[in-house]
1. Between beta-carbons, use under 10 Å as the cut-off and find the net charge around Ala168, counting Lys and Arg +1, Asp and Glu -1.
2. Straight-line reach only, C-alpha to C-alpha below 12 angstrom: list the aspartates and glutamates that Lys232 could link to, leaving out same-chain residues fewer than 8 apart.
3. For the range 327-370, rounded, prolate or oblate, judged on the Cα gyration tensor with a ≥ b ≥ c (square roots of eigenvalues), a/c < 1.5 rounded, else prolate if a/b > b/c?
4. Say the cut-off is 18 Å between C-alpha atoms; which of Lys203/Lys259; Lys178/Lys227; Lys343/Lys383; Lys85/Lys227; Lys88/Lys159; Lys228/Lys254 go over it?
5. How high is the relative contact order of the range 29-148, in percent, with contacts defined as C-alpha pairs under 8 Å that are six or more residues apart?
6. Note down the net charge around Leu82, summing +1 for each Lys or Arg and -1 for each Asp or Glu among other residues with Cβ under 14 Å from its Cβ.
7. Sort Glu240, Glu99 so the one with the fewest other Cβ atoms within 10 Å of its own Cβ comes first.
8. Cβ under 9 Å from Phe391's Cβ, Phe391 left aside: what net charge do those residues give with Lys, Arg +1 and Asp, Glu -1?
Amino acid sequence: MNCRNCESPINQFMSFGKMPIANNFSITKNYTDYVFNLDPCYCEKCNLFQLYHQPEPKLLFHENYAFHADTSSGMMSHFYDLAKKIKKEFITKDDKVLEIGCNDGGVIEGLSAMGVSSYGMDPSKNVVDKCIEKGLKVDCDFFSVNTANKLLEKYGKFKIFVALNTFAHIPDLNSLLKGIDLILDENGIIILEDPYLLDVINKTSYDQIYDEHVFIFSLNSISNLFKKIGFKLFHAQHRETAGGTMRYFLSKKKINETKDLQHLLEIENNSNLNNVKTFEKFKNNCEKSRELLLNKLYNLKKDKKVVAGYGATSKSTTILNYCDIGPDLIQYITDTTITKINKFTPITAIPIYDHNFFLKNLPDTSLLFAWNHEKEIRDKEKKYINGGGNFFTHLIKDS
Ligand code: TYD
């Protein structure tokens, strides 16, 4: 396969092996659904990190989509802060905002409450229904050049295009870019936020690599990508949310690059991110992380300790399947999302219980799969920690 952006040959530097759909928590122990090879690749020409195979988006985003942003108060306040920034810095009177992948409310929930004309689009019916109940204007569809045309007919041009943790999910870059170009007015601003490649490399957070993340972007790859439709980066913000993300601001109109962007570009350009050796080292770090984690879990098993997983994240599917961890090593996973409770992790068949089960059966130790919400979880679980419980992760620093 060639690069999804520039069509140059891509370098497949490792394989995580066979994977189920990450969010496909099953009602039975036996998973008989779709599997694919999780093979990350890197394009040396345009710096785009991408998956070799990606399941059809319809298999991933549907009426039973398992992720609901309102399960995390941290995420909710993060969306609200961005809504305030958009209103303050970019909105004049009649400007309209479009958010794709708005999930159960996203940024448009805050913006609508502030009186800004805001519209959403998300392909998963269950989360769109929640938006509609909240009175938000949201269409249930995939964003593409076709749906952009329909939005244009319905609402006219938009000033702001927002996609948080969504852009990296869409494999058809050409249709996506054409759609954005079509829908934005000449002063249009694009705001994207996605897991940042340098964080994945630095923390060995290989669990960010799963079916939905068909791309993991960097400043250079985003910049190369948007050249196609004449948009330039003018600002970026690095955030610790979602395990380390970059927020990108792009415009067609000339806007001077901010100092923040220049500083972040300098860090990225000094990090060897564009060198294939970095990815060979990342592969070794993933193997090291797997070995350390398995040693720890087998020792805990030998000592007859109860180990729980905290958070049935999509990310956990990559860790569990890559390391081949089942219920003999992790007895259960706790999660607050109703649609995940009383199900099993796909293939690895670890039961998922609600938070009350965790509180009533405090485990000796917990593998923090939702490590991206560590602060929120540590604050919430003070009693567990003070009583001798602890959290650990699979993360290791690149060295
Ligand atoms: P998320 O951060 O979206 O990770 P991913 O994108 O990998 O799925 O999901 C966090 C999961 O953790 C979600 O299923 C809800 C759960 N969770 C808890 O169970 N308790 C908590 O306190 C928090 C913050 C999350």
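1. Value of the local net charge: -3.
2. Within the straight-line cut-off, Lys232 pairs with Glu257.
3. Working: a/c = 1.69, a/b = 1.08, b/c = 1.57.
Note, shape of the range 327-370 comes out oblate.
4. Exceeds cut-off: Lys203/Lys259; Lys343/Lys383; Lys85/Lys227.
5. Reported relative contact order: 20 percent.
6. 0
7. Numbers: Glu240 12, Glu99 32.
Going from sparsest to densest Cβ surroundings: Glu240, Glu99.
8. Computed value for this residue: -1.
Every number here is computed from the coordinates shown, using simple stated rules; none is lab data. This structure is a prediction, so every number in the text was calculated from the model and none was measured. With ideal geometry, Cβ positions are generated from the backbone for all residues, glycine too; neighbour counts draw on all protein chains shown.
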